[in-house]
Structure formats: structure tokens, C-alpha cells
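Worksheet: the structure to be examined is printed underneath.
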Amino acid sequence: MSHRFLVIDTATTACSVALFENDKLVASYFEDIGRGHAEKLVPMIAQLPDKGRADKIFVNCGPGSFTGVRIGLSAAKALALAWQAEIAGYQCLALVAAQALQNMTQQSPVYVAMLGGHGEYFVQNFESNGHASDALLSLVPDAAQKNRSAEFYAGSAAAQLASLTDDATFETILPDAAQILALPQNYEYLPTIPIYGRAPDAQPQDST
């Protein structure tokens, strides 16, 4: 019996979907659209064979755009309910690290830096096997630069952060749903709740 899974990724300026059958890519679409994920995502899924219908759905839980993360999760949960499909998530920076490692001729540690909010970057260090070596953080550029433990930068903010040092190389990468199989084993089995990476802008007032 064949096994199909759909991947949805709307956490960054990119919007991508991919359909796999028995771990082989059937079809995928990727566009760096900036904004408008809500309008783009459903038609993109509809272009896939059988309109993307699958036994399981994977979705990028973030961190990234608050709106983009929620759009992807809402769509994934709605489709999972309609199709009676399983659903699971993956972490944005883990996929970017996996894509960077896949592009390397000789694997080495990777420092992933993604554009965040309020002038901060989402950053995390990854080992050469794709596993995280520290916690996900949201930092201003100077602090983000001091947090790195690798000479290779990857992500949407890789160029900006690499420009702050003389000994770094970089690759600008956005997460792509079609590359999910590059993730280390079990990195795609997160609960489908948003990973915001930092505290919300609005803070509840103390009632005491």
C-alpha cells in the first residue's frame, strides 16, 4: 500500500508545498512571495496531483512570520481533519540547516540565521550531522554574531550576519517543502503548535 505525505511551508517569505509517495517526490512548488501566503497556499496545493491529498501532513511550525506560521498550521490542520490524515510539524531552522548541509561538498557545522522581528535574527548552531548544538534564540545582530560557533552561515539573514565578520562564508537559504527528507531522522515529528522563537509583542498587564 502506497504512503503519501504532503508538506506545507509558509513560515518565511517563501511559500512551498510538496507531495511525496513512498518517500519519493511526486510534485512540488516553491515561490518567494514575501506576503500573501493565505491567497497563494490553497491554489498551490490544488495544483498537486489529486489536489495534494495525502495520508500524512507535515508543516513548518516556525519560527518565522507570526502570520505565515499560523496560516500554514491552520491549513494543515484543516486538511488533516478533512482527509482524516495524520499531522506533524518541523522546525524552520532545522530544515534550513539540513538544506545547507545537503549543498556542501564537505559537511561542517552550520550557523543558521533567519530574519526575525524588531531587528532581531532567529539563530541556532547545528552540527555537521544536522542536529542542533544549542537552543533557538532571537537576538540583535551583535549578540547573534557572538552566539555563533560555526564559520558557515545559512538562512535568510546569513549575508547580513556574515558581513559582520571576516572569517565567515554564507549561503542565503529559505526553507523548501521539497527538501524535508534532508532533515535528520525524527526532526519532523514535532507537535503542531507555533514556534515563535520570542515573546509576543503584546504583554498582558499585571492585574495585581
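The values are calculated or read from the model by the stated rules, or taken from the named source; none is laboratory data. Because the structure is a prediction, the values reported are computed rather than measured. Please note: Cβ atoms are built from the backbone with ideal geometry, for glycine as well, and neighbour counts cover all protein chains shown. Note: accessible area is taken over every heavy atom of the protein model, side chains too, but ligands, DNA and RNA are not part of it. Shrake-Rupley method; radii C 1.70, N 1.55, O 1.52, S 1.80 Å.
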Legend entry - the chain, helix-only ellipticity at 222 nm - DSSP H runs n ≥ 4, -39,500 (n - 2.57), divided by all residues, nearest 500: -7500 deg cm²/dmol
Legend entry - Phi-based couplings in Hz for the range 113-128 (Karplus 6.51, -1.76, 1.60; Gly and Pro marked x): 10, 10, 4, x, x, 6, x, 9, 10, 7, 9, 6, 8, 10, 6, 5
Inset, instruction - Report the normalised scattering of the range 101-165 as log10 I(q)/I(0) at q = 0.20, 0.26, 0.27, 0.29 Å⁻¹, calculated by the Debye formula with identical scatterers on the alpha carbons. - result: -0.70, -1.12, -1.19, -1.33
Inset, instruction - Please sort 36-47, 12-23 by packing, taking for each peptide the average over its residues of neighbouring beta carbons within 10 angstrom, highest first. - result: 12-23, 36-47
Legend entry - For the chain: accessible area per residue (Å², 1.4 Å): 49
Inset, instruction - Specify, per residue and in Å³, the volume enclosed by the convex hull of the alpha carbon atoms belonging to the range 97-208. - result: 130
Inset, instruction - Give the ranking of 73, 137 by solvent-accessible surface, highest area first, calculated with a 1.4 Å probe. - result: 137, 73
Inset, instruction - Express as a percent, rounded to the nearest 5, the fraction of DSSP beta bridges in the range 115-187 (both residues included) that run antiparallel. - result: 60
Inset, instruction - Would you tell me the accessible area of residue 131, worked out with a 1.4 angstrom probe on the heavy atoms of the protein chains, in Å² to the nearest 10? - result: 70
Inset, instruction - Take every Cα pair under 8 Å in the range 87-208 that's 6+ residues apart, average their separations, divide by the length, and report that relative contact order as a whole percent. - result: 30
Legend entry - Size-normalised alpha-carbon gyration radius of the chain, reference 2.2 N^0.38 Å: 1.02
